[in-house]
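The values are calculated or read from the model by the stated rules, or taken from the named source; none is laboratory data. These numbers were taken from a predicted model, which means no experiment stands behind them. Heads up, the Cβs are rebuilt from the backbone with ideal geometry, glycines too, and the neighbour counts pull from every protein chain shown.
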Amino acid sequence: MKRKTFIANAGILLSGFPLVNSSLSLAEPTQTDALASLKLLKSENSVNNEAYWNVVRTFFNYPKDFINLENGYFSPQPISTEQFHQKKEHYINHKTSWFMRREQNDAMEQSRSHLATFLGCDAEELVITRNTTESLNTVISGFPWKKGDEVIIGNQDYGSMVAAFEQQANRYGIIIKIAQIPLHPKSDDELVNAYMTLVTNKTKIIHLTHLINLSGQLLPASKIVEAAHAKDVEVMIDAAHSIAQVNFKPGELGADYLGASLHKWLCCPLGAGILIINRKHISKIWPLMGDSDFPTDNVRKFQHQGTRPIQTILAIDEAIRFHHTIGSQLKEDRLRYLKNRWVNAVKDLPNVIMNTPVNDDLRSCAIANFGIKNFTPQQLADKLLSDFKIFTVAIDHPFIKGVRVTPHLYNSPEDIDKLIEAIRTL
């Protein structure tokens, strides 16, 4: 099919999707055809092939009255995933208790198995949760702490994780040590040493944010895990922003515990997350909610939540299908391309402060953070929105002060160029 014809037809197919279809099939033929055609359109130079990304853009229902460069909170579902999710909700509502009693468990197990393959982990070490906060709180709250036990966290870790450890400090008397993570590290060794110099014989866990949500800095997780294990210290990884943004398999990092949110870069419906627990630790961790259906060494004990929206879990498969249609490496390369487009244009401007590593291309991907002298983070975010209709988020953190910019696959180079012009003007 000629490119122009394909683009026109893909747009027609997607615009024709009904929001809720009475059909109970898993996928509409038009949706399947559109995804297949999108895969065929890829080429070796797809990273900056705007004809290709114009088609990708038609798979997203994004705002048109402002430029959304704050996709880090959560990423929009592609239309194909959104409508799959709605159809499964319609199906479950139609079957009601029949589905919940006769089909739910098998459907969840199938989704868990497919997700484990995608993540490169053992399905018997995988739990489907609602988000990263729930996942890591399960471990932090369920760990058999003793007074005087030490944990090491980073100075830029997500606030909910910090609060969870502080609660255990108040409850059990554990000691929290804080690694000072440089904004512009000179080497991986500098980052590894930031954690390892704090280790003692009382250290139980290192909590590591794989891709820091404040700045987008990507930490050398495998090297930190290896160094920690050499000292018999367990490692917990917050991978909320790295999964499906960066091309890697979480199961390959070797972490003892790993949590993530799938409604971020995998573009699942809101309320989809994961927890991976090394099999040898399952028995010693208490679940957040009591469970008597599974033995203590069965990872399913952590999935007890009561009645929950199963359609969200079932939609994970469809989100993975869209992700594979783009391809993990191409997705990472495109997101980094969009980030580099604006970072390289403004990083040397007078009064611009970069809060993300800019001299090593592999230390960040989609997310970057900048400030402008004489603007508070909120003033800068407000100015970008009021004067230029560009939506970002202010980060006013003790160690990082600026605006976080997070483009997504539907953002165009024209969106990025408007940001560049706004920063130059300000």
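Give the residue, chosen from ASP293, ASP297, that is of a type in the set (Asp, Glu), under 15 Å from ASP122 (Cα atoms) and in a loop (DSSP other than H, G, I, E, B).
On the way: ASP293 fails: under 15 Å from ASP122 (Cα atoms).
Testing whether each residue is of a type in the set (Asp, Glu), under 15 Å from ASP122 (Cα atoms) and in a loop (DSSP other than H, G, I, E, B) leaves just ASP297.
Which is touching a strand residue (DSSP E or B) at 6+ places or on another chain (Cβ under 6 Å) and either in contact (Cβ under 8 Å) with a residue 60 or more places away in the chain or in the same structural domain as LEU119 (by TED's automatic domain parsing) (or both), of SER292, SER283, SER261? So that I can check it myself, show each step before the final result.
Details: SER292 fails: touching a strand residue (DSSP E or B) at 6+ places or on another chain (Cβ under 6 Å); SER283 fails: touching a strand residue (DSSP E or B) at 6+ places or on another chain (Cβ under 6 Å).
On inspection, the qualifying residue turns out to be SER261.
Residue by residue, here is whether (1) in contact with a strand residue (DSSP E or B) (Cβ under 6 Å, 6 or more places away or on another chain); (2) under 18 Å from GLY254 (Cα atoms); (3) among the β-branched types (Val, Ile, Thr); (4) in contact (Cβ under 8 Å) with a residue 12 or more places away in the chain holds:
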{"position": "GLU103", "(1), (2), (3), (4)": "no, no, no, no"}
{"position": "THR117", "(1), (2), (3), (4)": "no, yes, yes, no"}
{"position": "VAL127", "(1), (2), (3), (4)": "yes, yes, yes, yes"}
{"position": "ILE140", "(1), (2), (3), (4)": "no, no, yes, yes"}
Original post:
Among ALA221, ALA228, which is under 27 Å from PHE74 (Cβ atoms) and either acidic (Asp, Glu) or surrounded by 23 or more Cβ atoms within 10 Å (Cβ to Cβ) (or both)?
Top reply: ALA221
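Tell me, which strands (runs of 3 or more DSSP E) lie completely within region 351-417 with 3 or more residues that are crowded, with 23+ Cβ neighbours inside 10 Å and at pLDDT 95 or above? I'd like the intermediate steps shown before the answer.
Values: elements: 352-354, 368-372, 393-396, 401-405.
Once the strands (runs of 3 or more DSSP E) in region 351-417 are filtered for at least 3 residues that are crowded, with 23+ Cβ neighbours inside 10 Å and at pLDDT 95 or above, what remains is 368-372, 401-405.
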Subject >> Among (1) in a helix (DSSP H, G or I); (2) within 23 Å of the chain's Cα centre (by Cα); (3) crowded, with 18+ Cβ neighbours inside 10 Å - the single one ILE92 does not satisfy >> reply: (2)
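For region 44-61, give me each residue that is of a type in the set (Gly, Ala, Ser) and within 14 Å of ARG336 (Cα to Cα). Don't jump to the end; show me each part of the working.
The initial filter retains those residues of region 44-61 that are of a type in the set (Gly, Ala, Ser), namely 46, 51.
If the condition is that a residue be of a type in the set (Gly, Ala, Ser) and within 14 Å of ARG336 (Cα to Cα), then SER46 is the only one that fits.
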**OP:** Return a yes/no flag: does region 207-221 have any residue that is assigned by TED's automatic domain parsing to the domain that holds GLN305 and assigned to a helix (DSSP H, G or I).
**Re:** yes
